[in-house]
1. List the strands (runs of 3 or more DSSP E) that sit entirely inside the stretch 31-121 and contain at least 1 residues that are of a type in the set (G, A, S) and touching a strand residue (DSSP E or B) at 6+ places or on another chain (Cβ under 9 Å).
2. Taking into account only those residues within the stretch 103-117 that are farther than 17 Å from P136 by Cα and not basic (K, R), which is farthest from the chain's Cα centre (by Cα)?
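All of the numbers you see were taken from the coordinates with simple rules; none came from a lab. Just so you know, these numbers come straight off a predicted model, no measurement behind them. With ideal geometry, Cβ positions are generated from the backbone for all residues, glycine too; neighbour counts draw on all protein chains shown.
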Amino acid sequence: MPTRHVTTTARGAIMGGATGATTVMRYVTTDNSGWLRVKLEPSGKIVPLPQYLKVAFSERRDKRDYFKIEEGVYKGKNASVSQKSGDSSWLGKPRPIYRGPVNLTFKKGKGKLITPIGILTATTDPRNPISNGRHPVQLPDFPHDLGRAYVSRASKGHLAKLPALWISGG
């Protein structure tokens, strides 16, 4: 049977006319932390999911939304989350704007990090160095506090609230 992406109304009615299996894609929304704590089913283990992670919504029952995780560390696992408030959900729509994969280029000798939004002044910790070159940005696997240790060493002009990123290859 074909799978299709559809939108739903506020009450959950499926819109669209194709026949076959229906998958309602939604995306994780969060509070200011950028993470949503969900319960893996059936184990009950609580795990964090990053904001904008794609999930396949399946049903709402007993004030919980049930879904299958479509990407990231827990891809393929079933999970649930309590409703946000009233009838609202932590599983949002529409799909966030996607502009393709992102790479960052680090130029250690020049102290520069080249990003899609501009060039930033950057350094690397000699005890945990990041190599020169291009690094793909990946979905974070879980919340990392490692960067907090560097905040006191950054100048006020360079501090900004950035989403959690995991740079591979470094």
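1. Details: elements: 35-41, 46-50, 54-61, 64-69, 78-82, 103-107, 112-115, 118-121.
Counting at least 1 such residues, we get 54-61, 78-82.
2. Of everything passing the filter in the stretch 103-117, G109 is farthest from the chain's Cα centre (by Cα).
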